[in-house]
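> First, the structure itself, so that you have it in front of you.
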Amino acid sequence: MAECVFFVTCPRGVDYLLGDELRELGLEPFRNAPAGVWARGDLAGGYRACLWSRLASRVILHLDDVPANSADGMLEATREQAWEDHIPVEGRFRVTFQGRNDEIRNTQFGAQKVKDGIVDRFREISGKRPSVDSAKPDVTVSARLNRGTLSLGIDLSGDSLHRRGYRIDKGQAPLRESLAAALLIRAGWPEIAAGGGDFYDPMCGSGTIAIEAAMMACDMAPGRKREHWGFEGWKGHDPELWLSLRQEAERRAHEGRQGKLPAIVGHDQDSRVIATAWRNIQRAGLEGVVHVECQSIGSWQPEGEVAGQGLLLTNPPYGERLSEKKELADLYQSLGSLAL
């Protein structure tokens, strides 16, 4: 299979963790960016990054870097690309655009120039053109302008990868799933879980950290429950390869539930977010693995959870979420006592 180049985006500051993760998924990282990692590999590696990355936001198949010192130059360079190899002429596409220069002052104008170049290409070679559909495209073209160079690619992920599909209901200040996973990885949770340690979140909210911890412990692919992918309407898609990777993910998820699993417990004093957390747990297919209940910090006593080599990890309020600042001071005092 031919080698591909991918740009895998992530939250800022997570790139060094993402590079290690991509290496484990069969890709070869070769350069970090402020909010992403450049990597080489085959299409299977790109598919695995979509299905298995806990840290990535998007997986973009890089097509070309073209000079774009002016708006007309960018349109011409875009028109020269072989879009017919990627977008069905009867299909729908959209363009996401980032960056600016002296002529391109906003993303809408930049995206329009790239769209015009793609449409012109199809009209020149076939007299027909695909439709532009920003809501439900078959293919999403990624365009990123930086220092006179336009990077063009195909967004294989579609919707952002942090949306796992289990969190329809959210708490008051939800933590993005990929950031929850980054906290867990940075804290060493995969190694702790493999060593028999348990997990506790004393302020679990809608349960995101606990659910991500359970998915790691059960070897569940974070993209396992996603219903749509950006590559499904792409002309380069390999359905048989993708099916084999999905089947492998299902097998691993099944086997992961068979062994002895750590205790994964979450508490919160708000009964409404605990109800939300239970719904999220059910959608993630983690009933019997994650246990949450309404309980305040001061009343918790460790009874097996976080014993020995376990992990206590939480995302506490930092002031903007609470109207009463005095409550925040008391909360942090209780949290400090709990950690001891």
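Values quoted throughout were computed directly from the atomic coordinates according to the rules given, and no laboratory measurement underlies them. Only a predicted model underlies this, so the values are computations on that prediction, with no experimental measurement involved. Heads up, the Cβs are rebuilt from the backbone with ideal geometry, glycines too, and the neighbour counts pull from every protein chain shown.
> With θ set to phi - 60° and the Karplus curve 6.51 cos²θ - 1.76 cosθ + 1.60, what are the ³J(HN,Hα) couplings of the stretch 261-275 in order, to the nearest whole Hz, using x for Gly and Pro?
9, x, 6, 10, 10, x, 10, 7, 7, 9, 5, 5, 6, 5, 4
> Another one. By how many nm would the segment from Ala187 to Glu124 grow when fully extended, if each residue of separation counts as 0.36 nm and the alpha-carbon distance is taken off?
On the way: separation 63, 0.36 × 63 = 22.68 nm, distance 5.46 nm.
Extra length from Ala187 to Glu124 when fully extended: 17.2 nm.
> Please count, across the chain, the pairs of lysine residues with Cα atoms under 29 Å apart that sit 8 or more places apart or on different chains.
So the count works out to 16.
> With charges set only on the Cβ (+1 for Lys and Arg, -1 for Asp and Glu), what does the dipole of the chain come to about its Cα centre, in debye to the nearest 20? Kindly include the intermediate steps, with their values, before the conclusion.
Details: 42 positive and 48 negative charges, 119 e Å.
Dipole of the chain, to the nearest 20 debye: 580 debye.
> Using the alpha-carbon atoms, what tilt in degrees (0 to 90, nearest 10) does helix 208-217 show relative to the longest principal axis of the chain?
90 degrees
> Okay, next question. So between Arg272 and Asp85, what do we pick up on full extension, going 0.36 nm a residue minus the alpha carbon distance? Don't jump to the answer; show the numbers that get you there.
Details: separation 187, 0.36 × 187 = 67.32 nm, distance 5.00 nm.
Taking Arg272 through Asp85 to full extension adds about 62.3 nm, to one decimal.
> OK, next. Return the long-range amide H neighbours of Ala33 (sequence gap of 5 or more, or a different chain), with a cut-off of under 5 Å between placed amide H atoms.
Trp38
> Related question: Give the long-range amide H neighbours of Met203: residues separated by 5 or more places, or on another chain, with amide H under 5 Å away, using H modelled in the peptide plane at 1.01 Å from N.
Correct list: His267, Asn315.
> As an exercise, take the mean of 1/r over every pair of distinct alpha carbons in the stretch 1-98, invert it, and state the Kirkwood radius in angstroms.
On the way: mean 1/r = 0.0678 Å⁻¹.
When all Cα pairs of the stretch 1-98 are included, the Kirkwood radius is 14.8 Å.
> Another question about this same structure. Report, in deg cm²/dmol and to the nearest 500, the calculated mean residue ellipticity at 222 nm for the chain, where each DSSP H run with n ≥ 4 adds -39500 (n - 2.57) and the sum is divided by the residue count. Don't skip to the answer; put the middle values down first.
Numbers: 10 runs with 121 residues, N = 340.
About -11000 deg cm²/dmol.
> What's the percent breakdown of Cα-Cα distances in the stretch 177-268 across 10 Å bins, shortest bin first?
With 10 Å bins starting at 0, P(r) equals 15, 40, 29, 14, 3.
> Which values of log₁₀ I(q)/I(0), to two decimal places, follow from the Debye formula for the stretch 109-250 at q = 0.14, 0.21 Å⁻¹ with a uniform point scatterer at every Cα?
Reported log10 I(q)/I(0), two decimals: -0.87, -1.28.
> Place a point 7 Å from the Cα of Ala194 along the Cα-to-Cβ direction; which residues of the stretch 230-252 have their backbone N under 19 Å from it?
Correct set: 249, 252.
> Whose amide H sits under 5 Å from the amide H of Ala284, counting only residues 5 or more places off or on another chain, with H placed in the peptide plane?
Close amide H contacts, sequence-distant or interchain: none at all.
> I would also like to ask the following. For the stretch 238-288, which GluC sites (Glu not before Pro) pass both filters: DSSP loop (anything but H, G, I, E, B) and at most 14 other C-beta atoms within 10 Å?
Numbers: sites: Glu240, Glu248, Glu250, Glu255, Glu287; in loops: Glu287.
When the GluC sites (Glu not before Pro) of the stretch 238-288 are filtered for loop state and at most 14 Cβ neighbours within 10 Å, Glu287 remain.
> Taking the Cα atoms only, what angle lies between the long axis of helix 325-339 and the longest principal axis of the chain, rounded to 10 degrees?
Here the helix axis deviates by roughly 70 degrees.
> To test your reading of the geometry: what angle, between 0 and 90 degrees and rounded to tens, separates the Cα axis of helix 177-186 from the longest principal axis of the chain?
60 degrees
> Right, next: Say each of Lys235 and Glu287 gets a label point 7 Å from the Cα, pointing the same way as Cα to Cβ; how far apart are those two points in nm?
Result: 4.6 nm between the two label points.
> Between Asp102 and Asp65, with labels modelled 7 Å along Cα→Cβ, what's the label distance in nm to one decimal, could you check?
It works out to 2.2 nm between the two label points.
> Calculate the spin-label point distance for Leu312 paired with Tyr16, positioning each point 7 Å from the Cα along the beta-carbon direction, and give it in nanometres.
Modelled inter-label distance: 2.7 nm.
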